[in-house]
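All remarks here apply to the structure that follows.
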Amino acid sequence: AFIPAARLDDLMVSYAAPRGGVGPHVDSYDVFLLQGEGRRRWRISRKYNPEVIGGAPLAVLRGFHHEEEWILNPGDMLYLPPHVAHEGVALEACTTWSIGFRAPNALELGSALLDRLDQTLHTSALPGRYADPGLKPAKNAGKIPQGMIDYAKTIAARLALSDSRIEAALGQTLSEPKAIVAFEPPSPALSRRAFAAAIRGRGLRLDRRTLFLHRGDNFYLNGEVMRCAGTDAVMLRRLSDQRLLPPAQQYSPKAHEMLHAWYVYGWLHPEAIV
């Protein structure tokens, strides 16, 4: 937890038989490769030909020539910055833990923010409608009128975004689970009263798939945004930072209702022990 959760992307554990590997390739994010069982040889190159083998399920580099290499034993770790070509080959049956961290490029982040901001636009944010009283007969009917160009520029200038809207869009984007993630609601689910008794006695923890971030009194959970203040905000910040809450924690009625709803969605569980 010494690295902000907003930077964490995923954890993948891969198994390889002797001499196994996926071939030389490049990732566009920070990754830490932690060796589990067995040994694996890693070769890297910072300068490489980006041409890839056609038809492969992964973008495997065609002409890879390594600059450095290491053999990782169990417990060893290799850090790879974005866009460093690498190839791992198992020297014996082994597992490698790949811990990926987000390093979005400007286009990816800008596109994601625009998608989120588009969902928040409404008539009150952009009132008015285009009109052209006194419009003269057009000499070139296919030409876009200058008046419409000027109006579009005015609207674009009014789209200047506040810091709070940018923060909200970023929080929702970073906490949005990947499309392949599916939560498992409890069956049968505890009633609200039974759930309250359970978390008082056993505490609660976030589901391992849940993404929960905060900034001030704003909270972002699995793509949803909410605002809380006072003791509820203190409790939620602790849950976001530590991913669990101990038994005997005090909750307001509003917090109980909210936590129970998240439990029903499968986003958290009434058990503090991981």
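The values are calculated or read from the model by the stated rules, or taken from the named source; none is laboratory data. Predicted model, so just to flag it, every value in this text is computed and none were measured. Cβ coordinates were reconstructed from backbone atoms using ideal geometry, including for glycine residues, and neighbour counts include every protein chain displayed. Note: accessible area is taken over every heavy atom of the protein model, side chains too, but ligands, DNA and RNA are not part of it. Shrake-Rupley method; radii C 1.70, N 1.55, O 1.52, S 1.80 Å.
Report yes if some residue within the range 170-192 is polar (S, T, N, Q) and in contact with a Phe, Trp or Tyr (Cβ under 7 Å, 6 or more places away or on another chain); otherwise report no.
Scanning the range 170-192 turns up at least one residue that is polar (S, T, N, Q) and in contact with a Phe, Trp or Tyr (Cβ under 7 Å, 6 or more places away or on another chain).
If you take the residues in the range 186-213 that are assigned to a helix (DSSP H, G or I) and without any contact (Cβ under 8 Å) to a residue 60 or more places away in the chain, which one is nearest to residue 240 (Cα to Cα)?
200
Could you grab me the full set of residues in the range 223-250 that are touching a Ser or Thr at 6+ places or on another chain (Cβ under 6 Å) and closer than 18 Å to residue 168 by Cα?
The answer is 223, and nothing else.
Are any residues in the range 7-65 small (Gly, Ala, Ser) and closer than 16 Å to residue 83 by Cβ, and if so, which ones?
If the condition is that a residue be small (Gly, Ala, Ser) and closer than 16 Å to residue 83 by Cβ, then 28, 45, 59 are the ones that fit.
Which count do you get for residues in the range 1-59 that are among the aromatic types (Phe, Trp, Tyr), in contact (Cβ under 8 Å) with a residue 60 or more places away in the chain and either in a strand (DSSP E or B) or more than 26 Å from residue 108 (Cα to Cα) (or both)?
2
Check whether at least one residue in the range 170-185 is open to solvent by less than 80 Å² (accessible area, probe 1.4 Å), of a type in the set (A, V, I, L, M) and in a loop (DSSP other than H, G, I, E, B), and report yes or no.
yes
Name the single residue that is farthest from residue 200 (Cα to Cα) among those in the range 240-271 being part of a loop (DSSP other than H, G, I, E, B) and open to solvent by less than 20 Å² (accessible area, probe 1.4 Å).
266
Just give me the residues in the range 132-164 being among the polar types (S, T, N, Q) and in a loop (DSSP other than H, G, I, E, B), in sequence order.
Within the range 132-164, 140, 162 meet the criteria.
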